[in-house]
Each structure stands twice: as C-alpha cells, then as structure tokens.
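Student: Before anything else, here's the structure in question.
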Amino acid sequence: MKNLKAFSLFSYINSMKRFTLVGVDGNAFEVMAYVKKAMVAAEKDCKLPDYDGQVDEIHLQDFNQKARDAYIKEATSSDYNHLLVISMEMINKVNEYFEV
C-alpha cells in the first residue's frame, strides 16, 4: 500500500508538467527529437493571438527554428550527460512558458 501512495504522488507531480523526459527512450536522438517537438508546440502556441490579438513575440524567439538549431548545437557539443542537462533545461523552459 505504501508504494501505491508514492506512485500516485509521482503520477500527480508528472501530470502537472506538460512535457517531461520521464518515459522517453534514452537514445540521444530520441531525446533531442522529443525536446524539439516540445519547442515546436511552444512556438505554435506563441503564434496564436491572445485576447488582444497580439502574438507573443518575446517568447517566440525562445522556441523558433534558430533557437531549436542552437539547442541541437549545444546539446551535441559534449557527452551524453551534457545532452541530458541541456535537454532538461529546455523542457523546463517550455513548461514554464505553458504555466504562465
């Protein structure tokens, strides 16, 4: 019964985040593809006009093609651990965007 409570809490915490690397295949290319998909989703959301008809230009530059290319370049610049750190930072940035 104790494990069930821990699992429920873990599931609840992960459900609060829109994107997470938990459950993503550990292959480096799979991780980068997942992060790029998250960035594309954020970019599409930035392009949607808000209630004033304005597009979120400030965050758009964080997730556009240039930003995705910079992410790939930085993620592949070192070893696998570096790739995971950079990927988690970007996933956190995407999740922070969607929380606002």
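The values are calculated or read from the model by the stated rules, or taken from the named source; none is laboratory data. Just so you know, these numbers come straight off a predicted model, no measurement behind them. As a convention, Cβ positions derive from the backbone with ideal geometry for all residues, glycine included, and neighbour counts pool all protein chains shown.
Student: Can you tell me which residue within the range 1-42, out of those that are surrounded by fewer than 13 Cβ atoms within 10 Å (Cβ to Cβ) and among the β-branched types (V, I, T), is modelled with the lowest pLDDT?
Tutor: Going through the qualifying residues, I end up with I13.
Student: Another question, if that's okay. From the set of residues in the range 75-100 that are of a type in the set (V, I, T) and part of a loop (DSSP other than H, G, I, E, B), which is surrounded by the most Cβ atoms within 10 Å (Cβ to Cβ)? Talk me through it step by step, then tell me what you get.
Tutor: Filtering the range 75-100 for residues of a type in the set (V, I, T) gives 76, 85-86, 91, 94, 100.
Checking the rest, the ones that are also part of a loop (DSSP other than H, G, I, E, B) come to 76, 100.
Working: T76: 14, V100: 6.
Among those residues, the one meeting the criterion is T76.
Student: Quickly run through the range 43-63 and pick out the residues that are closer than 20 Å to T20 by Cβ and either among the hydrophobic types (A, V, I, L, M, F, W, C) or surrounded by fewer than 10 Cβ atoms within 10 Å (Cβ to Cβ) (or both).
Tutor: F63
Student: Can you give me the number of residues within the range 67-98 that are charged (D, E, K, R) and over 12 Å from the mean Cα position of the chain (by Cα)? Show your work before the answer.
Tutor: Step one: filter the range 67-98 for residues charged (D, E, K, R), giving 68-69, 73-74, 79, 89, 93, 96.
Subsequent filtering for residues that are over 12 Å from the mean Cα position of the chain (by Cα) retains 69, 73-74, 79.
The qualifying residues number 4.
Student: Answer yes or no as to whether I72 is at pLDDT 95 or above, surrounded by fewer than 17 Cβ atoms within 10 Å (Cβ to Cβ), in contact with a helix residue (DSSP H, G or I) (Cβ under 7 Å, 6 or more places away or on another chain) and in a helix (DSSP H, G or I). Give the steps one after another, and end with the answer.
Tutor: Numbers: at pLDDT 95 or above: yes; surrounded by fewer than 17 Cβ atoms within 10 Å (Cβ to Cβ): yes; in contact with a helix residue (DSSP H, G or I) (Cβ under 7 Å, 6 or more places away or on another chain): yes; in a helix (DSSP H, G or I): yes.
Taking the combined requirement at face value, the residue satisfies it.
Student: Moving on to the next point. Looking only at the range 30-59, which residues are of a type outside the set (S, T, Y) and over 15 Å from the mean Cα position of the chain (by Cα)? Full working, then the answer.
Tutor: Going through the range 30-59, the residues of a type outside the set (S, T, Y) turn out to be 30-33, 35-50, 52-59.
Of everything in the range 30-59, those that are of a type outside the set (S, T, Y) and over 15 Å from the mean Cα position of the chain (by Cα) turn out to be K47, L48, P49, D50, D52, G53, Q54, V55, D56, E57, I58.
Student: Report whether or not K66 is exposed (fewer than 12 other Cβ atoms within 10 Å of the Cβ) and at pLDDT 85 or above.
Tutor: Working: exposed (fewer than 12 other Cβ atoms within 10 Å of the Cβ): yes; at pLDDT 85 or above: yes.
Yes.
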